[in-house]
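Trainee: I have a structure I would like to understand better, so I am pasting it below and will then ask my questions one at a time.
The values are calculated or read from the model by the stated rules, or taken from the named source; none is laboratory data. The shown structure was predicted, so the numbers you read here are calculated from the model rather than taken from an experiment. Every residue, glycine as well, gets a Cβ built from its backbone with ideal geometry; the counts of neighbours run over all protein chains shown. We work out accessible area using only protein heavy atoms, side chains counted, and drop any ligands, DNA or RNA first. Shrake-Rupley method; radii C 1.70, N 1.55, O 1.52, S 1.80 Å.
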Amino acid sequence: MAKRKSWREKLADSKDLPKVVAITGKLTKRWGTGTVAIAAPCEVDAIMRSVPRGKLITINEIRQLIATQHGVTMGCPMTTGIFAWIAAHAAQEAAAAGEKNTTPYWRTLKSGGELNSRYPGGTAHLKTLLEAEGHHVVAKGKRWLVVDYQDHLCDCGIFFPASG
């Protein structure tokens, strides 16, 4: 039986990414026409790492940064979310191994300022980390949201070397 990859190995595996593809077929009904960038996991992680203490970013802002970097219509919503999740787990794995300066995944929110319950430690852990950085987190039904998150969004103008 093959050994499972660690989260850090998954993060490092670019799978021939990034790549740009045309939006075609059924996807045009949802996304319109144009092109979509499928980022490499390390690109998503680099954006997440660039968010300083006290600032926040949402998956949609990460997607926009990826689209801008690759000169396309949009960043892929599915892979961006998956790669952010992998980056979060890789950061937790690195921290457990004693590494310092890991990706501050708790600063990456879902749209609308919602905490991602699938990140390591769940919403209780994320709430603690965010409140330690001065954010106010409240429950709204089953969801947890950062109050006035848009006032704390990072202007993360990070760009990556051109891929060949």
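Trainee: When we measure straight from the Cα of K15, which lysines land under 20 angstrom away, once same-chain ones fewer than 8 places off are left out?
Mentor: Hits, sequence-local ones excluded: K3, K5.
Trainee: Please work out whether segment 98-157 counts as rounded, prolate or oblate from its C-alpha gyration tensor, where a ≥ b ≥ c are the square roots of the eigenvalues and a/c under 1.5 means rounded, while otherwise a/b larger than b/c means prolate and anything else oblate? Let's see the in-between values first.
Mentor: Values: a/c = 1.73, a/b = 1.18, b/c = 1.47.
Because a/c hits 1.5 or more and a/b fails to exceed b/c, segment 98-157 counts as oblate.
Trainee: With a 1.4 Å probe and every protein chain kept in, tell me what percent of the accessible surface of the chain is carbon plus sulfur.
Mentor: Values: 4920 of 9220 Å².
Carbon and sulfur together cover 53 percent of it.
Trainee: Got a sec? Which residues in segment 58-98 would a label at K15 touch, if it sits 7 Å along Cα→Cβ and we count backbone N under 14 Å?
Mentor: What the label zone holds, given the 14 Å backbone N cut-off, is 76-87.
Trainee: If packing is taken as the mean number of other Cβ atoms within 10 Å per residue, what is the order of 95-102, 47-54, highest first? Before the final figure, lay out the partial values.
Mentor: Numbers: 95-102: 10.4, 47-54: 17.6.
Descending mean neighbour count gives 47-54, 95-102.
Trainee: Continuing with this model, one more query. Would you please give the residues with an amide H less than 5 Å from that of G75, counting only those at least 5 places away or on a separate chain, with H modeled from the backbone geometry?
Mentor: The list, which skips near neighbours in sequence, is A37, A67.
Trainee: Now a separate question. With equal scatterers on the alpha carbons only and no solvent term, can you work out the Debye log10 of I(q)/I(0) for segment 46-164 at 0.09, 0.13, 0.15 1/Å?
Mentor: The calculated log intensity ratios at q = 0.09, 0.13, 0.15 Å⁻¹ are -0.23, -0.49, -0.66.
Trainee: Let me know the shape class of segment 24-102, please: from the alpha-carbon gyration tensor, a ≥ b ≥ c as square roots of the eigenvalues, rounded when a/c is under 1.5, otherwise prolate if a/b is greater than b/c, or oblate. Could you put the intermediate results ahead of the total?
Mentor: Values: a/c = 2.96, a/b = 2.17, b/c = 1.37.
Here segment 24-102 falls in the prolate category.
Trainee: Oh, and also: Among L109, L17, L27, which one shows the biggest mean-square fluctuation in a GNM of the chain, springs joining Cα atoms closer than 10 Å?
Mentor: L27
Trainee: Follow-up. Quickly rank 67-73, 138-144 as a protection proxy: mean count of other C-beta atoms within 10 Å, highest first. Display every interim value, and only then the final one.
Mentor: Working: 67-73: 17.1, 138-144: 11.6.
The peptides rank, most packed first, as 67-73, 138-144.
Trainee: Leaving out ligands and nucleic acids, note down the accessible area per residue over the chain with a 1.4 angstrom probe, in whole Å². Could you put the intermediate results ahead of the total?
Mentor: Working: 9220 Å² over 164 residues.
Per-residue accessible area for the chain comes out at 56 Å².
Trainee: Which order do the peptides 127-134, 35-42 take when ranked by the mean count of other beta-carbon atoms within 10 Å per residue, highest first? Provide the component values of the computation, followed by the final result.
Mentor: On the way: 127-134: 14.8, 35-42: 22.0.
Most protected by this proxy first, the peptides run 35-42, 127-134.
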